[in-house]
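Just below is one structure, and these are the notes that go with it.
Each reported figure results from applying straightforward, stated rules to the coordinates on display, with no laboratory input. Note that the coordinates shown come from a computational prediction; the quantities given were computed from them, not determined experimentally. When we count neighbours, we look across all protein chains shown, and the Cβ atoms used for this are built from the backbone with ideal geometry, even at glycine.
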Amino acid sequence: MRPAVAVVMLLFVGSSVHAEEGTTFTCTKHTLQECLLELPCSTLKRDPNGDIVPSGVKIRLAGSLEHGEFNQREFNRAAGEKCGKPVD
């Protein structure tokens with residue numbers, strides 16, 4: 001599992017540990033990528049590996065997510081386009 005995916009999964013599983021650090025966003029979308037792309041650009045940061053990951057936020061799911069693979073490269077590209085951040 002790529003480190004960025006592990007970080008994202010920790011946000012879902014262990015978000016109560018960091019509740020005091022950030023803001024909670026409620027996601028009504030159907031996939032992980034759609035949920036993450038709904039976050040404000042200010043919460044998306046580039047990690048040391050160059051991947052774009054959420055930072056300082058808790059994500060509350062309004063429903064269940066569809067099963068599927070998360071493509072970090074595709075997410076980096078989409079987040080870069082949304083937020084105007086260059087993607088390598």
Members of segment 18-73 found to be surrounded by fewer than 16 Cβ atoms within 10 Å (Cβ to Cβ) and among the basic types (Lys, Arg), listed by number: 45, 60, 73
Would you confirm, using the coordinates I've provided, whether residue 52 is touching a Lys or Arg at 6+ places or on another chain (Cβ under 6 Å) and of a type in the set (A, V, I, L, M)? yes
Restricting to segment 48-69, name every residue that is part of a loop (DSSP other than H, G, I, E, B) and under 16 Å from residue 82 (Cβ atoms). 51, 55
